[in-house]
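Notes follow the structure.
Every number here is computed from the coordinates shown, using simple stated rules; none is lab data. All figures in this text were calculated on a predicted structure; none of them were measured in a lab. Please note: Cβ atoms are built from the backbone with ideal geometry, for glycine as well, and neighbour counts cover all protein chains shown.
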Amino acid sequence: MIMPQFIYKAKCGPQEITSGVIEADTLNEAVSKLTKAGQIPFDIKLWMKVVLPTNITGIPVIRVSQTALFQFTRQLADLLEAGIPLARCMELLGRQRQFPAMTKVIRSMGDVLQKGGSLSAALGRPPGVFSPMYINTVKAAETSGQLPMVLNRLAQFLETDMQMQSRVKSSLLYPAIIFAVGCLTVFVLLSFVLPRLTLMFEDYSSQLPLMTRMVVALSQLFAYFWWLIAAVAAGAVFWVRSYIRTPKGKAWIDGVALKTPLLKSFIENTELSRFARTLGMLLESRVPIVSALESVTLVIDNSLLQEELMEITAKVKSGMSLTAAIKTSSLFPEMAVDLIAVGQESGKLESGLYKLAANCERSSQEMAGGFVTILGPAVLVMVVGIVGFMIVAMLLPMFQMNTMIQ
């Protein structure tokens, strides 16, 4: 089986520096291999990530909802706290029918545990189900012997993250519905309603007003080519969705989002909250800070902010303190730097991170409420304005005809 490869630079002596490529399952394993070989790595990063296909691993990729992950984590923590052995816990959890996809995952994990494997090894068996952050946290908990407590923290983290995502989606639902209904209304008016109304202007002797001519031309275009317009629109939506799923497309859309004034603050607060809460939980679970930062980077959704956190991780790995590293980043406001600095100096970094997460969550909730207050009426005014423009355009010739008759 081909393993991921890491490119590295390491010291072999006071003045001797070597570089090369090493194969390892994880970054920590690559560091461990180099250290055992008598080398001190100071720069190591993933060079080639190998994605094993289904026919090699024998395990199909399974998509599991965040709700199913939360339920599994919470139930496993409760069973372990009750003193039930881990293998028996998997057997009991594998009987639930609420989430069929999760049941398959649990059963495959149970096979690993029955063969003597650890829980962290079992979590890595179903590809793409559990994040590296989740697996690293469980691995650290197994080492410290605090698995039930750490699983409870993971469940709380997943629940908080779900609630935050739910608030964001619900805040955007109302404007999205108004926009969709508005687009459908305009399409139906232009394609089927207005073309019939324009027949009354065929015998109109005077020149139609400019507004009316624009609407008539547009309605005729839609009347004859509505199917083509609908196909082009559907194709454009499909192309945009496909493009933004590519690394280049995602980087572009993330860059645009960070340049939009109000949206920029909202995204930064949301991502900073996720960063602080995740890092606090990992450090509280005794995960080393470098490994914790590497795991947290994968939790961040915005690719540009993710790159910024990767630079912070590299600086901390080179020996810089976390406070000094984040001072060089534009992502962290002064308040965030102060909370982390105070936490690090007092030896309670986790507490400072949790306070930072709570502050950012509060700010993002206030912004989301502001978006709903402004965005909903703004979209409604835009839709009503477009429909009103078309209605006025159709009524203008009638007003002119009335004036002429009088």
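Between Phe225 and Ile391, the contour length at 0.36 nm per residue exceeds the Cα-Cα span by 57.6 nm. Going from the fewest other Cβ atoms within 10 Å to the most, the residues Cys12, Cys360 appear in the order Cys12, Cys360. One entry in [x] 132; [y] 185; [z] 209 is volume of the Cα convex hull per residue in Å³ calculated from the shown coordinates; its label is [z]. In the chain, helices alone account for a calculated mean residue ellipticity at 222 nm of -24000 deg cm²/dmol, with every DSSP H run of four or more residues adding -39,500 (n - 2.57).
Starting from the Cα of Lys115, draw a straight line to each of the lysines and keep only those under 20 Å, dropping any in the same chain fewer than 8 residues away. The reachable lysines, counting only those whose Cα sits under 20 Å from Lys115, are Lys104, Lys139. On full extension of the chain, what length is gained from Met320 through Arg241, given 0.36 nm per residue of separation minus the C-alpha to C-alpha distance? Difference between extended and current length: 24.5 nm.
Model label sites at Glu307 and Val337, defined 7 Å from Cα along the beta-carbon direction, differ in position by 2.2 nm. Excluding same-chain neighbours fewer than eight residues apart, the aspartates and glutamates reachable from Lys33 by a Cα-Cα span under 20 Å are Glu16, Glu23, Asp25, Asp43, Glu294. Within the listed set Ser242, Ser318, Ser273, the residue fluctuating most in the Gaussian network model of the chain (springs between alpha-carbon atoms under 10 angstrom) is Ser242. Classification of region 211-342 by its C-alpha gyration tensor yields a prolate form. The axis ratio a/c (a ≥ b ≥ c) is 1.5 or more, and a/b outweighs b/c. So, R0 is 30 Å and r is the distance between the beta-carbons of Gln163 and Thr373; what FRET efficiency does that work out to, to 0.05? It comes out at approximately 0.90.
Mean sequence separation of contacting Cα pairs (under 8 Å, at least six apart), scaled by the length of the chain, corresponds to a relative contact order of 15 percent. Here the Karplus relation 6.51 cos²θ - 1.76 cosθ + 1.60, evaluated at θ = phi - 60°, turns the backbone of region 94-103 into coupling constants of x, 8, 5, 10, 5, 10, x, 5, 5, 4 Hz, with x for every Gly and Pro. Using 0.36 nm per residue and subtracting the Cα-Cα separation, the extra length available between Arg196 and Ala233 on full extension is 10.9 nm.
Cross-link pairs exceeding 19 Å in C-alpha to C-alpha distance, out of Lys11/Lys36; Lys264/Lys355; Lys11/Lys327, comprise Lys264/Lys355; Lys11/Lys327.
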